[in-house]
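Read the structure below first, then the notes.
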């Protein structure tokens, strides 16, 4: 074990967070503190290829190294060793990233003390997840390394591609109207609010507000997105197919985003758009939108709430029985407070 990092040793830092758009975005909570403690060091990220743009535009990240899931450990380690990192933060700490960290050649290797992986790290953070948001779990690695936490915010920075795509789309929207983004995405089936409930939510909000609704979707959401659009032709716009940067551009146009627990929900919060999360199988106190401009709705009195099951064994009562008035009330408050 190493007791203290010698700051003069640190020229290049690698943060490892391979996947999960939301997880990568939440990990940016550490970057301001890293930069403050090592202002002359380069900060790089290691992600899977599909997820690189979750952090590639961040102003403090100078390089993103990528790999494919099918790539061999040897090929990934070769890429990492070539960079000659002095300090590595394994923000994932699963068996494979522990191996990458161990063979990296870095003098300082920081990770969680999960069973079977402690061999990889000479600076170890507690393996438990306390009663705090999952974004703040990343800060445990900073604390273990003796790095002061100076800021607890996440960030996604729009680049020129995001801005240009948003600008070209903006002509479809009347400037006098609010634009509410609807995101039916969800990594698990049980996290996805049914389309019928989304239709109910949109109809109720439309009675309260002069607005248009922008239905944002990814490849796995197109069926739900089209179903919502087909039942709400008035005031509803179905977003075009986008990559992550383009999606970010469209989100930035919104006055409010309402979303399931998903990567795009965290993206909206990181951009700074007021965000309302709809929760059922997951805990919003640990996985909700991490922003002061955010809130969540959950049917907390349900017997099976926060079940963490990938597929609902019942009838998605956590969403179907969600209080519409609460959703509308919290939506209006977010719009009023942050317009």
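The values are calculated or read from the model by the stated rules, or taken from the named source; none is laboratory data. The structure presented is a predicted model; accordingly, all values stated were derived computationally and were not measured. Positions of Cβ are backbone-derived with ideal geometry, glycine not excepted, and every protein chain shown enters the neighbour counts.
Listed here are the residues, each with its yes/no results for (1) within 18 Å of residue 96 (Cα to Cα); (2) within 19 Å of the chain's Cα centre (by Cα).
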position: 5; (1), (2): no, no
position: 9; (1), (2): no, no
position: 21; (1), (2): no, yes
position: 37; (1), (2): no, no
position: 69; (1), (2): yes, no
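For residue 125, only one of the following conditions fails: (1) buried (at least 20 other Cβ atoms within 10 Å of the Cβ); (2) in contact (Cβ under 8 Å) with a residue 40 or more places away in the chain. What is its number?
Of the numbered conditions (1) buried (at least 20 other Cβ atoms within 10 Å of the Cβ); (2) in contact (Cβ under 8 Å) with a residue 40 or more places away in the chain, the odd one out for residue 125 is (2).
Out of 252, 291, report the one residue that is touching a strand residue (DSSP E or B) at 6+ places or on another chain (Cβ under 8 Å) and in the same structural domain as residue 193 (by TED's automatic domain parsing). Walk me through how you get there before you give the answer.
Numbers: 252 fails: touching a strand residue (DSSP E or B) at 6+ places or on another chain (Cβ under 8 Å).
Of the residues listed, the single one that is touching a strand residue (DSSP E or B) at 6+ places or on another chain (Cβ under 8 Å) and in the same structural domain as residue 193 (by TED's automatic domain parsing) is 291.
Output the helices (runs of 4 or more DSSP H) that fall wholly within the range 1-111 and possess 1 or more residues being surrounded by fewer than 20 Cβ atoms within 10 Å (Cβ to Cβ), in contact with a strand residue (DSSP E or B) (Cβ under 9 Å, 6 or more places away or on another chain) and at pLDDT 95 or above, or say none.
On the way: elements: 21-27, 31-37, 73-83, 95-102.
Hits in the range 1-111: 31-37, 73-83, 95-102.
Which one is farthest from the chain's Cα centre (by Cα) among residues in the range 72-93 that are without any contact (Cβ under 8 Å) to a residue 40 or more places away in the chain and closer than 30 Å to residue 158 by Cα?
We begin by selecting, within the range 72-93, every residue without any contact (Cβ under 8 Å) to a residue 40 or more places away in the chain; these are 72-79, 81-82, 93.
Of the ones still in play, those that are also closer than 30 Å to residue 158 by Cα are 76, 79, 82, 93.
On the way: 76: 24, 79: 26, 82: 29, 93: 18 Å.
In this case the residue turns out to be 82.
Just checking, does the range 175-187 include any residue being part of a helix (DSSP H, G or I) and either modelled with pLDDT under 95 or buried (at least 21 other Cβ atoms within 10 Å of the Cβ) (or both)?
Of the residues in the range 175-187, the ones part of a helix (DSSP H, G or I) are none.
No, there is no match, as no residue in the range 175-187 is part of a helix (DSSP H, G or I) and either modelled with pLDDT under 95 or buried (at least 21 other Cβ atoms within 10 Å of the Cβ) (or both).
Could you identify the single residue in 280, 288, 272, 249 that is at positive phi and modelled with pLDDT of 95 or more? Step through it out loud before you land on a result.
Details: 280 fails: at positive phi; 288 fails: at positive phi; 249 fails: at positive phi.
Of the residues listed, the single one that is at positive phi and modelled with pLDDT of 95 or more is 272.
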